[in-house]
Amino acid sequence: MGVAGASIATDNPEFFIDVVLGDSLRPIQFNKITLFNKKGPKAFDFTLGKGDVKKADLKKPPTKRRYHRVRSGETLSHLARRYGCSVSSLKRWNGLRSSRINIGQRLVVSRPIYVKPKTPDFTRFAYLANTEYPDSVFAATLFLDKPANQLVIKGERQTERQNEMIFHGVSFENTTNPGMLYHAVGVNGASFYHYNKSAHFFDQIGALNADLIIISLGTNESLSSGFDAGVFSNQVDEFLTNISKVYPGVPVLLITNPEALKNNQTNPNTDKAAGVIRQKALDYECALWDLNLIMGDSMDPWKKDGLARPDGIHFTEEGYELQGKLLYNALIKQYESGH
């Protein structure tokens, strides 16, 4: 599991992912794409673009390289700093066994730049050579010349070693318009435990450059048959400690878990879980929005007013919208008060 809360994996090089934001009447434009996927010698390459991927000729396009002619006094270290790469990359691109270079020698100083003419049905943004990167899951960011509302990711296989694609998520931004960027990371049934055990979650969220982190968990734990307040407390500790390592000094807002019935009966563990979260807000000096207290310790009025579903756990669309408005009003009130 990565930053999106879920991952996609395949060993079929013919895969493609097609994402459209908004619709034809109200498209949501973006010009910055951040991809979270596994890289390394076994990873499939990506063709990125927009349009009808089925009609596009997406075979490996011709490549271009950037070159440098070695001058007196220059070393691989100098060239690596100048062109923003590593010495090991320079040696790999040029087949060098040592760091020795000669005056007048022509060296490759960039990764392959793949160029492909546009087709009427498909516009190529870029070719991401995942094999050119170390074996990792770090983010790769691409800026578009013009805003778009569609991204197609098409698999490309150039060598027999390439046999996998593991995709953890993608972030879209529009840097041409001011505003707030909101990332939602969640999966039905997830808990603090699941995020703590995620292989890539905490490594990847740093690429989101968050200014505020809002954490709303605890309902699933309170409904589990083996709920233990002490174990739950330790899991929240581990989660907040990991967050503070990735985002030291960034404000964190904790939200207490809402009321939730168990078998349509009052669940005492709901208040226990909320109590743990309240205490952690004090221990870690986090902001707190006490949804549990706001609900009045009862799900009945919410069900009566059509804000909660019959199971007493999930809310209706109107219920979730009300929670969003209440949270927004609380944030704006604090913002306008200068706190």
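None of the figures in this text is laboratory data; all of them are computed from the coordinates on show. Note that the structure is predicted; figures quoted are calculated from it, not measured. Note that each Cβ is placed from the backbone with ideal geometry, even for glycine, and that neighbours are counted across all protein chains shown.
Between ASP203, ASP305, ASP52, find the one with the highest GNM mean-square fluctuation for the chain; connect C-alpha pairs within less than 10 Å.
ASP305
Run the quick spin-label model on ARG278 and ASP305: label points 7 Å from Cα toward the beta carbon, then report their separation in nm to one decimal.
2.1
ASN209 versus ARG66, label points 7 Å from Cα toward the beta carbon: distance in nm?
Label-label distance for ASN209 and ARG66, simple model: 2.0 nm.
In whole Hz, with x marking every Gly and Pro, tabulate ³J(HN,Hα) for the stretch 288-296 from phi via Karplus 6.51 cos²θ - 1.76 cosθ + 1.60, θ = phi - 60°.
Values, residue by residue: 9, 10, 8, 4, 4, 6, 4, 6, x Hz.
Simple spin-label model, 7 Å along Cα-to-Cβ: ASN234 to GLU285 in nm?
2.7
What FRET efficiency comes out for the pair ILE28/ASN329, r = Cβ-Cβ distance, R0 = 22 Å, nearest 0.05? Could you put the intermediate results ahead of the total?
Values: r = 25 Å, r/R0 = 1.14.
E(calc), rounded to 0.05, equals 0.30.
ARG92 to ASP135: extension gain in nm, 0.36 nm per residue of separation minus the Cα-Cα distance? The partial results should precede the final answer.
On the way: separation 43, 0.36 × 43 = 15.48 nm, distance 1.51 nm.
Going from the current span to full extension adds 14.0 nm.
Please state the charge dipole magnitude for the chain, taken about the Cα centre, from unit charges on C-beta atoms (+1 on K and R, -1 on D and E), reported in debye and rounded to the nearest 20.
Numbers: 41 positive and 35 negative charges, 594 e Å.
With Lys and Arg at +1 and Asp and Glu at -1, about 2860 debye.
Once the cut-off is 36 Å, how many percent of the Cα-Cα pairs in the chain end up in the long-distance tail? Intermediate values should be presented prior to the final figure.
Values: 21546 of 57291 pairs.
Cα-Cα pairs in the chain separated by more than 36 Å: 38 percent.
Just want the ordering: VAL152, VAL185, from fewest to most Cβ atoms lying within 10 Å of their own Cβ. Let's see the in-between values first.
Details: VAL152 24, VAL185 17.
Sorted ascending by nearby Cβ count, the order is VAL185, VAL152.
Grab the Cα-Cα distance for ARG81 and GLU321, subtract it from 0.36 nm times how many residues apart they are, and report the gain in nm with one decimal. Could you put the intermediate results ahead of the total?
Details: separation 240, 0.36 × 240 = 86.40 nm, distance 5.08 nm.
Going from the current span to full extension adds 81.3 nm.
Could you work out the relative contact order of the stretch 66-108? I mean the mean sequence separation of Cα pairs under 8 Å and 6+ apart, divided by the number of residues, in percent.
On the way: 43 pairs, mean separation 25.4, N = 43.
Relative contact order for the stretch 66-108 comes out at 59 percent.
Where the only charges are on Cβ atoms (+1 Lys, Arg; -1 Asp, Glu), what is the dipole of the stretch 192-337 about its Cα centre, to the nearest 20 debye? Could you put the intermediate results ahead of the total?
On the way: 11 positive and 19 negative charges, 22 e Å.
Roughly 100 debye for the stretch 192-337.
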